[in-house]
Structures are given as structure tokens and as C-alpha cells.
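For reference, the structure is listed below as C-alpha cells.
The values are calculated or read from the model by the stated rules, or taken from the named source; none is laboratory data. Please read these numbers as outputs of a predicted model, since none were measured by experiment. With ideal geometry, Cβ positions are generated from the backbone for all residues, glycine too; neighbour counts draw on all protein chains shown.
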Amino acid sequence: AIDFTLKGEALPTDQAQTPAFGCSMKWAWKNEYTIKMNKEWEEKPVTLEKLSTSGLADLLQNKTDELMLVNFWATWCGPCIMEYPEFITMQRMYGERDFQFVSISMDSPDQEAKALKFLKGKASALPNYIMDTKDKYEVIDIVGKEWDGSLPVTLLIEPRGNIYYKKHGPINDLLLKQKIVDHPMIGRYY
């Protein structure tokens, strides 16, 4: 049908309508299901673990079989705070596939309570870390010398550590979602 339409030709009568295959979006029970799923998500525990620089180096090697989205942020960073809910949305959209979002706070280790409060307010029920060093240059050395130290920084890392996509500064959430679904590990269909 698409080929005929692109050519500007009428559809043959035997191809005028084909059955649609997939998940229907129109059923009322899905609204109730969405409310239930949102409530369950908001009730999940939110934790924050300290991460050493050697732990960070290991994490960035992505020894999993998942596409890993890593975001470096801080509570004092306006763009970080504004975009953070989009990362939760992405985890919820793609988390049942071969995908994992990981949050890394660049707040000082003594600001752990403040960072955890923020994460709880965003229902960030996923791997959340705070760097256990005040020496930000140690972190920059591990992430990459091209990082000028400004936040936020977002990395999309393939298994075995290949960086598929990197963004210094605020993300374009639609572009990042496109990068995720265009990756062969995720795909546009599920």
C-alpha cells in the first residue's frame, strides 16, 4: 500500500485494507493499567550508592549485555535538574528491553542526602551513584579528556564499553530517544 501511494497510484481493490497487527491502544483498561504502573513505579525504592573512580572506570566498560545510558548530573546544575525526568521516562520506555539508565551525581560526597532527596522526588528507581571523590579531575580523566568539566554529560554505551553516542550539555530528548531506538540492540519495534 505504501509503495502504491508513493507512486501516486490507486490501491488494487484486493489490497485496499489489510489487517493491522500489534497492540491496540484504544482499550479503556489501559488507562487503569497506566495508573497502576505509575503507582508501582513511584513505590519502588530509590537508593544512592557511592562510586569510586575505579568503580566508575569499571562501570563505563559496560560488562553487561545491555545498552547503557549514563548521565552525569548535580543538584546545583539547572540543566541537569530540568532534563532529569526525561531519563526516567526513557528507562520506563526501554527498560524491559536490553537497556539500562544509570545516574551519576557529581555532587560532593557530603551532599549525598541532598542528591538522594532529589532522586526520590523524581522516583529514580534505578542504579543511582554519587562519586566518592571531591577531585572532579579524577572523574574527568576516566570519562575522557574532551570533557571540559561542564554538566550535564550523557553517554550511550554499548556492551564492552564502546561509546555509541555522547552529549556534553543538555540533551535533546527526542534525538536521544531516536539514537536509542535506532541502535540494533533496541530497534523501533518491540
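A few comments on the model shown:
- Being free of Cβ contacts under 8 Å to residues at least 12 places away in the same chain and at negative phi is not true of ILE130.
- Segments classed as helices (runs of 4 or more DSSP H), wholly inside region 92-190, with at least 1 members that are under 23 Å from ASP58 (Cα atoms) and touching a helix residue (DSSP H, G or I) at 6+ places or on another chain (Cβ under 8 Å): 136-143, 173-182
- Here VAL102 clears all of (1) among the hydrophobic types (A, V, I, L, M, F, W, C); (2) touching a Pro at 6+ places or on another chain (Cβ under 8 Å); (3) free of Cβ contacts under 8 Å to residues at least 12 places away in the same chain except the condition numbered (3).
- Close pairs from region 114-125: first at pLDDT 95 or above and crowded, with 19+ Cβ neighbours inside 10 Å, partner among the β-branched types (Val, Ile, Thr) and in a helix (DSSP H, G or I), Cβ under 9 Å, at least 6 apart: PHE118/ILE81; SER124/ILE88; ALA125/ILE88
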